[in-house]
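Data first, discussion second: the structure below is written as structure tokens.
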Amino acid sequence: MKRGLVLEGGAMRGLFSAGITDVMMEAGIEPDGLIGVSAGAAFGCNYKSRQPGRAIRYNKRFARDKRYCSWLSWLKTGDLFNAEFGYHVIPTQYDIFDDKAFNENPMEFYVVCTDVTTGKAVYKRLSESSPITYDWIRASASMPLASKVVELEGQKVLDGGVADSIPLEYFEHIGYDRNVVVLTQPAGFVKEHNPLMPLMRIALRKYPRMIEAMDKRHLMYNRQLEFVRKAEQEGRCLVIRPDEKIPIGHISHDPDNMQQVYDIGRQTGERFLERIKSFYNF
């Protein structure tokens, strides 16, 4: 049996997932592998480095810092979330990422990106912490329009949620047969067509396959929700989702709002804790 943890993205809604994973870490639950998309990758990496509390801590600390997330950063660098400050300065100077713990933890850690030239998902296993590892995590969370294309190891990539928002099927394909899936939308959510597609077509005009993937993303996402629903019914996965819409936008500069969402995640994690242990046979 291989125990997996699948973390959906959702920008700042990911603090809900961080609350759940912190509860799991504090309870000593260690999956064999974790796959994160976008915010699921950016916050989920702290599971492999065994650092509960880190995601909410640095987000609150830098919530109003223009170096971290601001339109000024977007105008200057092309990235709303400043790539250098957010992914290289914070983890090495302000809120230290535990590279040693990340490297020594046997948990397999995967991030999902989207190749802008093909519109297909890229599944990248990250075994050792390094500056390029930070950049793969950044790429997974680089939202179109809000971020420039990231060039890494011969590939041009952006937000993994465009091509594979809930990678349960992929994790099952590579052998994970007992998966906890953390979603950031409540039951009954149906994704609609992106109203920003006219802007996307302009911004991504060099990448027609990426435009096509963005145009059909809502169809892909809703199919994945159905796949998750069937897997849940068949007992192949345990799904954790918020009871209602999470009260935060894609971007937030309000530390109290961030804490509220994180606390909802913690409360949900505590409520599900015994079910998680039973499902994983811990």
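The values are calculated or read from the model by the stated rules, or taken from the named source; none is laboratory data. Quick caveat, the model's predicted, so the values are computed rather than measured. Cβ coordinates were reconstructed from backbone atoms using ideal geometry, including for glycine residues, and neighbour counts include every protein chain displayed. Only protein heavy atoms, including side chains, enter the accessible area calculation; ligands, DNA and RNA are left aside. Shrake-Rupley method; radii C 1.70, N 1.55, O 1.52, S 1.80 Å.
Amide H contacts of C69 (H built 1.01 Å from N, in plane; Pro and chain starts excluded): N82 sit under 5 Å, all sequence-distant by 5 or more or on other chains. Shown here are the Rg and Dmax of the Cα trace of region 1-63, at 11.1, 40 Å. Our coupling estimate for region 156-170, obtained by passing each phi through the Karplus curve with A = 6.51, B = -1.76, C = 1.60 and θ = phi - 60°, is 10, 9, 9, 2, x, x, 5, 9, 8, 6, 10, x, 5, 4, 5 Hz, Gly and Pro reported as x.
Taken over the Cα atoms of region 54-141, the convex hull encloses 105 Å³ per residue.
Past the 29 Å Cα-Cα mark, which pairs from K120/K148; K76/K191; K60/K206; K245/K277? Too far apart for the 29 Å limit: K76/K191; K60/K206. With K and R counted +1 and D and E -1, the other residues having a Cβ less than 13 Å from that of A41 yield a net charge of 0. Applying the criteria of a DSSP loop state and at most 11 other Cβ atoms within 10 Å to the trypsin sites (Lys or Arg not before Pro) of region 182-282 yields R205, K206, K245. In summary, the lysines within cross-link reach of K124, defined as a Cα separation below 17 angstrom excluding same-chain residues under 8 places away, comprise K48, K156. Of the accessible area of region 172-282, computed with a 1.4 Å probe over protein heavy atoms only, carbon and sulfur atoms account for 51 percent. Residues in the chain average 45 Å² of solvent-accessible surface per residue, probe 1.4 Å, ligands and nucleic acids excluded. Working note: 222 nm ellipticity from helices only, DSSP H runs with n ≥ 4, each -39,500 (n - 2.57), summed and divided by the residues of the chain, gives -12500 deg cm²/dmol to the nearest 500. All other residues with a Cβ under 11 Å from the Cβ of I56 taken together, and with Lys, Arg as +1 and Asp, Glu as -1, what is their net charge? Result for the local shell: +2. Under the combined filter of DSSP loop state and at most 11 neighbouring Cβ atoms within 10 Å, region 227-266 retains these GluC sites (Glu not before Pro): E234, E244. Beta bridges from DSSP with both residues in the chain: antiparallel share about 40 percent, rounded to the nearest 5.
Using a Gaussian network model of the chain whose springs link C-alpha atoms within less than 10 Å, name the residue from V112, V149, V37 with the highest mean-square fluctuation. Of V112, V149, V37, the Gaussian network model singles out V149 as fluctuating most.
Here the relative contact order of the chain, from alpha carbon pairs under 8 Å that lie six or more residues apart, stands at 28 percent.
For region 24-111, applying the loop criterion from DSSP together with a ceiling of 12 other beta carbons within 10 Å to the trypsin sites (Lys or Arg not before Pro) yields R64. When peptides 89-98, 11-20 are ranked by their average number of other Cβ atoms within 10 Å per residue, the highest-first order is 11-20, 89-98.
Annotation: the antiparallel percentage among DSSP beta bridges lying fully within region 1-147 is about 40. The ellipsoid equivalent to the alpha-carbon distribution of region 170-282 has semi-axes of 30, 22, 12 angstrom, derived from the gyration tensor eigenvalues as √(5λ) and listed largest first. Amide hydrogen proximity for G10: with H placed 1.01 Å from N in the peptide plane, the residues at 5 or more positions away or on another chain lying under 5 Å are A39, G40. Let me check I've understood the local charge: for D99, count other residues with C-beta under 15 angstrom from its C-beta, Lys and Arg +1, Asp and Glu -1. What total comes out? Spelling it out: positives minus negatives among the neighbours equals -1. In percent, rounded to a whole number, the relative contact order of region 140-216 is 25, using alpha-carbon pairs under 8 Å and six or more apart.
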